[in-house]
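One structure is given here, and the rest of the page talks about it.
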Amino acid sequence: MTTPVASRGPVESYVDAFDEHSTNASVPSWVQSMRRAAFDRFAALGFPTTKNEDWHFTSTSPIAEQEFVLLDAASGDVRKEELAPFTFGASDWHTMVFVNGRYAAELSDLSKLPKGVKLRDLTSAWTELPDVVDRVGKIASYDTHAFTALNAAFMHDGAVLHVADGVEVAKPIHLVFVTDATAAKGMMHPRSLIMLGRHAKAAVIESYVSTTDAMYLTNAVTEVSLADGATLLHYKMQREAGRAFHVSTTEASQARDSHYISFSLATGGALTRSNIYTTLDGEGAGATLNGLFMLDGQQISDHQTQIVHAKPNCFSRELYKGILDGRSHGVFNGKVYVHPIAQKTDGKQTNKTLLLSDTAQIDTKPQLEIFADDVKCTHGATVGQIDQMALFYLKSRGINQTFARRLLTYAFAADVLETIETEEIRVGLEHMTLERFV
Amino acid sequence: MALLVIKDLEARVGDKPILKGLSLTVDRGEVHAVMGPNGSGKSTLAQVLAGNPAYEVTGGSVSFDGKDLFEMEAEERAQAGMFLAFQYPVEIPGVSNAYFLRAAYNEIRKARGEDEVDPLEFADLMDEKLGMVDMDSAMLNRSVNSGFSGGEKKRNEILQMAVLEPRLAILDETDSGLDIDALRIVADGVNKLKRPDNATIVVTHYQRLLNYIVPDFVHVLAHGRILKSGGKDLALELEDKGYDWVTTGTPVGSMAGA
């Protein structure tokens, strides 16, 4: 039997790294205090075990058993051409590139940022955007989440975005977190902050990609604050290296009438976990959380979403789809909390999984906790194989079995890709999925 | 040799025998109507010919263009020129009608040793075919049958038929659920596609469609067998006297078929 104490060993391996990291960082003193507090919290929590309800289906021991080196200095050699497969064919987006966890100005392009938009790397933002960065750590709590605590202790770089009231950013903002071979056995703890003012609108893409097949750990946290009437299209593209570990937490706080529209893609990594949390904290706010995970081989990918309906008259929509092949293992856990005052809540959650092999596995767990009485909340989960009638229909038109199966697999994914508003991303992911299956 | 020769065909779904020794011969240039009451085995015949694996063939033989049909997969039958217009066309969200049609068209061309066409060439072809079934090109960008009305689905079946130009088209209850305008459009499409070297089997419960697609032969299918065959007048007689007249041998009056 495993005892909780067993997870303390791995934690201790982070102590030296933390001591070194915390002494050479030039950050405001309140951040230093937060880091210390967060590290202590991480040490107390330890890596979550499968006894932790939030990690019931996914063991973190492959991460806990590794000793990662903190990558906190600029490193690596990534050329612009190497990023081409991940940029959706767009050349006029605002782009920030982070190589092995550190901002790489030479690969970035922030020259065309419109008025009212501030975008900096975290290291600069501590001094240049003090009024913005003081929200860091205020939205994503590290109190009960070990990986968020670990990130808070080690955070060293990331993107800080502030969009002023009423400003609609026409072009998407692409945050590219790329690793190369130098990242092998390293760990990165990117921390980003996205703040949209009243009635502001923006599209932000976070891409986690690699030019290598190295083993490393990305442990990212992104905090999002949406003021009244703001709309954020937030894309997360997890396409990490095949042996990589990836844990990320996105946590949003939404004011009245704001709309948070998230799409999470997960195709990379050996063991990955994406947490997407939002709190609907003003009347009329809405959240749309969609996602697609496509796994093969021995991949493990876990999504946990959490929507807190804290105020009345809010809506939430969720559609997550998984396509699992080989011996892969997918997890979807969708939490919806409806507070007692959150009357007229309108929530819908759907999770559909397509199993392409007999050895692939899905754990899907809707989790609705509703404390208001006048609400409409539904959820549904299906797990299945290729529809035989659709297969016959295609074959009856001359399309052979293999092609027909691939086409239907693509179609399964395309159904959720169609919800993507940003055309370049929708077309790019359709193309990627078509290439993968057809 | 005739295009399609069915001899003593027996088939079942699960443990339930449906076709019990059905024989039918269809030659090029002919239109055959297969009529019969509900549950007689009409749709089973259509599905078995198209190769639906949910149906098990337990006896008899079918030759299509001289080849043993049961040696061929569903896609091979389609490539050899067989086409089934489904009674219930399947919805495939996520695949555009244009992509689906071009994929099918190219698969069939490949099987015939012809070059595949690119999207531009295919668009030209579609312009011509869409008019045949009075369909708007916007239909091409929608997912296959997804959210289509009953009439749109049936027209989409005939559009596919127009694109694939089969040697044998089997229309399975294509008239069901269609209003008279849609019925006329569908029938016109089928008639335009008629050639001396192809054949059509119209499977239907009602005589109505046969006012527009005039059959050379009418067959009454009941209890899994063809009980009676005749010319186009047989359909009118059936409409008048009802199926019981054939299936039990006793005319039971004009209301029975309704």
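The values are calculated or read from the model by the stated rules, or taken from the named source; none is laboratory data. None of these values were measured; they are calculated from a predicted model. For neighbour counting, all protein chains shown are included, and Cβ atoms are generated from backbone atoms with ideal geometry for every residue, glycine included.
The rows are residues; the columns are (1) buried (at least 20 other Cβ atoms within 10 Å of the Cβ); (2) within 20 Å of B:Lys194 (Cα to Cα).
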residue	(1), (2)
B:Thr25	no, yes
B:Val57	no, no
B:Ser63	no, no
B:Glu75	yes, no
B:Tyr88	no, no
B:Glu91	no, no
B:Phe100	yes, no
B:Glu107	yes, no
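Take the conditions (1) within 18 Å of A:Pro172 (Cβ to Cβ); (2) out of contact with any Leu (no Cβ under 8 Å at 6 or more places or on another chain); (3) free of Cβ contacts under 8 Å to residues at least 40 places away in the same chain; A:His199 misses just one of them, which is (1).
With a cut-off of at least 2 residues that are away from chain A (no Cβ under 11 Å), on the phi < 0 side of the Ramachandran plot and over 16 Å from the mean Cα position of the chain (by Cα), name the strands (runs of 3 or more DSSP E) lying wholly within segment B:28-125. Even if it seems obvious, please write down each step before you answer.
On the way: elements: B:31-35, B:56-64, B:82-85, B:92-96.
Because the criterion is at least 2 residues that are away from chain A (no Cβ under 11 Å), on the phi < 0 side of the Ramachandran plot and over 16 Å from the mean Cα position of the chain (by Cα), the strands (runs of 3 or more DSSP E) in segment B:28-125 that meet it are B:56-64.
Residue selection: B:Lys194 satisfies the criterion of being outside any helix (DSSP H, G or I), surrounded by fewer than 20 Cβ atoms within 10 Å (Cβ to Cβ) and among the basic types (Lys, Arg).
Within segment A:394-414, residues that are buried (at least 21 other Cβ atoms within 10 Å of the Cβ) sit with their Cβ atoms under 7 Å from residues that are of a type in the set (Lys, Arg), at 6+ positions apart or across chains, in these pairs: A:Ala404/A:Lys395; A:Phe412/A:Lys321; A:Ala413/A:Lys321.
Name the single residue that is nearest to the other protein chains (Cβ to nearest Cβ) among those in segment B:126-148 being on the phi > 0 side of the Ramachandran plot and at pLDDT below 95.
First pass over segment B:126-148, keeping only residues on the phi > 0 side of the Ramachandran plot: B:134, B:145, B:147.
Among the residues that remain, those that are also at pLDDT below 95 are: B:134, B:147.
Numbers: B:Asp134: 21, B:Gly147: 12 Å.
If we take residues in segment B:126-148 being on the phi > 0 side of the Ramachandran plot and at pLDDT below 95, then B:Gly147 is nearest to the other protein chains (Cβ to nearest Cβ).
Just one residue in the set B:Val203, B:Val190 is β-branched (Val, Ile, Thr) and closer than 27 Å to B:Tyr99 by Cβ; that residue is B:Val190.
For segment A:324-345, filtered to residues that are closer than 18 Å to A:Arg273 by Cβ and not charged (D, E, K, R), the residue that is surrounded by the most Cβ atoms within 10 Å (Cβ to Cβ) is A:Gly330. Scanning segment B:126-164 for residues that are in a loop (DSSP other than H, G, I, E, B) and either in contact (Cβ under 8 Å) with a residue 60 or more places away in the chain or of a type in the set (A, V, I, L, M) (or both) yields B:Val133, B:Met135. When you look at A:Gln367, is it more than 14 Å from chain B (Cβ to nearest Cβ) and surrounded by fewer than 18 Cβ atoms within 10 Å (Cβ to Cβ), yes or no? It is true that A:Gln367 is more than 14 Å from chain B (Cβ to nearest Cβ) and surrounded by fewer than 18 Cβ atoms within 10 Å (Cβ to Cβ).
The set of residues in segment A:395-422 that are within 7 Å of chain B (Cβ to nearest Cβ), closer than 14 Å to B:Asn106 by Cα, of a type in the set (Gly, Ala, Ser) and in a helix (DSSP H, G or I) is empty. Just one of the numbered conditions (1) modelled with pLDDT of 90 or more; (2) over 15 Å from the mean Cα position of the chain (by Cα) is not true of B:Pro251: (1). For segment A:190-198, the criterion of being crowded, with 23+ Cβ neighbours inside 10 Å, within 20 Å of A:Ser59 (Cα to Cα) and more than 13 Å from the chain's Cα centre (by Cα) is met by none of the residues. Quick check, is A:Ala146 aliphatic (A, V, I, L, M), surrounded by 20 or more Cβ atoms within 10 Å (Cβ to Cβ) and touching a helix residue (DSSP H, G or I) at 6+ places or on another chain (Cβ under 8 Å)? Spelling it out, A:Ala146 is indeed aliphatic (A, V, I, L, M), surrounded by 20 or more Cβ atoms within 10 Å (Cβ to Cβ) and touching a helix residue (DSSP H, G or I) at 6+ places or on another chain (Cβ under 8 Å).
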